[in-house]
Structures are given as C-alpha cells and as structure tokens.
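A quick write-up on the structure given underneath.
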Amino acid sequence: MKILTLNGSLRARSSNGAVLRSALALTDATSAAADLAALPHFHPDQDAEGATPPAPVAALRHAVADADAVLIVSPEYAHGVPGVLKNALDWLVSSADLLDKPTAVLTASPSPTGAAYAHAQLRETLRMMSAAVIPTACRDLPAIAPKTDPATGTVTDPATLQDLRTALAALTAAATPNPTPTPS
C-alpha cells in the first residue's frame, strides 16, 4: 500500500505537517510526498494536447498514478485553499491520474472553527476531478495548535490521534483491493 501525500502548507514547522506526520505514523502503508513547491504556476498552454509537461508536473502525475491512495492535508488561507495546493490540483485536472483514486482530505487550523471553507472547497474540487473521496477518511481538525507538540512536530492529543487512526484506516481499506475468493 502506497500513499502519496500533498501538503498544502510549505512551512517547515506547520501544524498541518504535524498532522501529516502523525497520520502516517498510524498506518503501515508506505508513503511519498509530492513536492508542491517545485511546480510552476499552472499554464494551460503548457498542458495542451501534445505538449510535454514541465518535469515537476510529470513527476507529480507519475507519483499520483503510482500511488494506491492520496492523502491531502491543508490549512485554510483567507477562507480558501492555499494557492500551492490549488496549483497542484490544476496541473492534475487534465490527466486521469486522480480518476477513482481513493483520496482523503485532512484540514487543520488553529481556529476553533477549523478550516471548513478549505475543506469544502477541496472536496468539491476533487469531486469535479472524479477522485474517489472517501468521506470516512476526511476530517476538519479545529484548534490544532494545543493538540501538537512543537518540539516533536507531532500531534499529541489522544482524541485527535484516534480520529486520525480511524481516517487512515478508512483510506487504506478503500485502497486495498478485495481479494478474489478462491473457488472450493
């Protein structure tokens, strides 16, 4: 089982990074992280039929295609999805790499109201892209700052960790093919 992660925060010590690290520690799946900072700004002419995409875009598309599932973790900026994450999704729109790919969305915010706007926007964008968003694997985590340890960069709150464990279990279950029963 291989999970590709897309982190909408480029900050080295972001609370979303803590959520991502903590979530991945709760699963046996292997993971790879997409380098969203390396992507050029989306430009439709560079993505036209017959065009060769820039190398970072080709790498992102290959990583998505190679993954069994996608885990998106994101903060909310100005009631929306961070530009770096939206840019990555824009580059994936014309490829079929997210088509029916089991996908989870985790949003985290220091705000007591969470990152509900970004969460809803991401799920709608992914729905339009025909990703298989797994509702039981999606979470909006409010007031995340006191639930993390800045020294370790991980989530320490037991209830949040259990919530992440449940979400990751749902994502990996959705991405695990059902074994074909052997005839007796």
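The values are calculated or read from the model by the stated rules, or taken from the named source; none is laboratory data. In this text, all values refer to a predicted model and were calculated from it rather than measured experimentally. Counting neighbours? That spans all protein chains shown, and the Cβs are built from the backbone with ideal geometry, glycine included. Please note that ligands, DNA and RNA were not included when accessible areas were found on the heavy atoms of the full protein model with its side chains. Shrake-Rupley method; radii C 1.70, N 1.55, O 1.52, S 1.80 Å.
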In terms of the Cα gyration tensor, with a ≥ b ≥ c the square roots of its eigenvalues, is the range 44-104 rounded because a/c is under 1.5, prolate because a/b exceeds b/c, or oblate? oblate
Skipping prolines and chain starts, which residues have an amide H placed within reach, meaning under 5 Å, of the one on Ser111, given they are 5 or more residues away or on another chain? Ala143, Ile144
Reachable lysines from Lys86, Cα under 23 Å, same-chain residues fewer than 8 places away excluded? Lys2, Lys101
Highest mean first, what order results for 169-176, 2-9 on Cβ atoms within 10 Å? 2-9, 169-176
The range 33-184, Cα convex hull volume normalised per residue, Å³: 150
Write down the accessible area per residue of the range 1-129 in Å², having rolled a 1.4 Å probe over the full set of protein chains. 47
Under 5 Å between amide hydrogens, which residues at least 5 positions from Ser31 or on another chain qualify, with H placed 1.01 Å from N in the peptide plane? Ile3
Mind checking the dipole of the chain: about its Cα centre, +1 per Lys or Arg Cβ, -1 per Asp or Glu Cβ, Debye to the nearest 20? 420
If you take the charge dipole of the range 16-152 about its Cα centre, with +1 on Lys and Arg Cβ and -1 on Asp and Glu Cβ, which of Ser109, Ser95, Val57 is farthest toward its positive end? Ser109
Ordered by residue, what ³J(HN,Hα) values in Hz, to whole numbers, does the range 19-27 give under the Karplus form 6.51 cos²θ - 1.76 cosθ + 1.60, where θ = phi - 60° and Gly and Pro are x? 4, 4, 4, 5, 4, 5, 5, 9, 10
Alpha-carbon gyration tensor eigenvalues x 5, square-rooted, for the range 88-137, Å: 22, 12, 8
For the range 87-184, what is the charge dipole size about the Cα centre, in debye to the nearest 20, if Lys and Arg each add +1 at the Cβ and Asp and Glu each add -1 at the Cβ? 140
Within the chain, the percent of DSSP beta bridges that are antiparallel, given to the nearest 5, stands at 15
Centroid-to-centroid separation of the range 111-170 and the range 19-70 [C-alpha atoms, Å]: 19
